[in-house]
Amino acid sequence: MMKSGIDQKALADMFANATAQQGETLRQAVSSATLKALQGREMTVKNIRGVLTSVTQAASVGAAGSHLPEGHVEDLLDNALAGMDAALLKAVDAQRTALEQFVEQGVGAQETMLKGALGNLEKMEDMFFSAVGKAASAAGQPLQGPWDQVLENFKLKGSDTGAKATQTVEQVLAAAQQASREGRAASAKAAEALMKGYATLVSGVLIGMSEALRQSPTIERAAKTARKR
């Protein structure tokens, strides 16, 4: 079954048939599936939640069908979380790349859409844990206990996604302040035109187009079009 771009059956089967020694293989498979699903849609909070929910559901179904003891089931779920975290980390990098381009073109820190994008980044870790926790709760017993334990442990150490998101917000704000001091500021219309394509551009970066984005005239064209209006 395909849901939010995830082949849930294939992923569930992988979890159900995994051995205790295949943790790294599972982590990589989850990361790859999550990343591929994120690449196939605009990078909105709603879409990210949908992908995380689908991956969690697949992991739950597969883990429930596993013949491994409970301790090893927790390991399976921990690798599912780690895989999703690794994919989201790349999504944060993609957002950083896109935001840096907007700031370079003069989108200021005071712009509403930039504030919204940075606000979503700040909440990325909370959204991650919330989406997985909600989907895990819906799985019910006997997985509720293992999921609760794995999520609690993950929250205690913190996700790589959360750490990188916090760093990214700080970097983008610093760059925006520097651009303002240097007098690089787009008009309100230009800034709005640029940011309207944010979610789509982030998805483009995520599929390996970050260098193309730096060289593409797309952003400049949007700004020029807005200035002519």
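If you place +1 on the Cβ of every Lys and Arg and -1 on the Cβ of every Asp and Glu, how big does the dipole about the Cα centre of segment 1-146 come out, in debye to the nearest 20?
Working: 12 positive and 16 negative charges, 99 e Å.
My answer is approximately 480 debye.
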So the FRET efficiency between Ser32 and Leu173, C-beta based with R0 = 41 Å and rounded to 0.05, is 0.80
Take Ser54, Ser32 and order them by how many other Cβ atoms sit within 10 Å, fewest up front.
Ser32, Ser54
List the pairs from Lys123/Lys164; Lys90/Lys164; Lys36/Lys134; Lys46/Lys155; Lys36/Lys155 whose alpha-carbon separation is above 18 Å, in the order I gave them.
Lys36/Lys134; Lys46/Lys155; Lys36/Lys155
If contacts are Cα pairs under 8 angstrom and at least 6 residues apart, what is the relative contact order of segment 45-163 in percent?
45 percent
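Please order Phe128, Phe15 by the number of other Cβ within 10 Å, starting at the fewest. Please report the intermediate quantities before stating the final value.
On the way: Phe128 23, Phe15 26.
Lowest to highest Cβ neighbour count: Phe128, Phe15.
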Given a Förster distance of 35 Å, the FRET efficiency implied by the Cβ-Cβ spacing of Thr25 and Lys123, rounded to the nearest 0.05, works out to 0.65
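Coordinate-derived values only; no laboratory data. On a predicted model such as this, the values are computed, not experimentally measured, just so you know. Methodologically, a virtual Cβ is constructed for each residue, glycine included, from the backbone with ideal geometry; neighbour enumeration extends over all protein chains shown.
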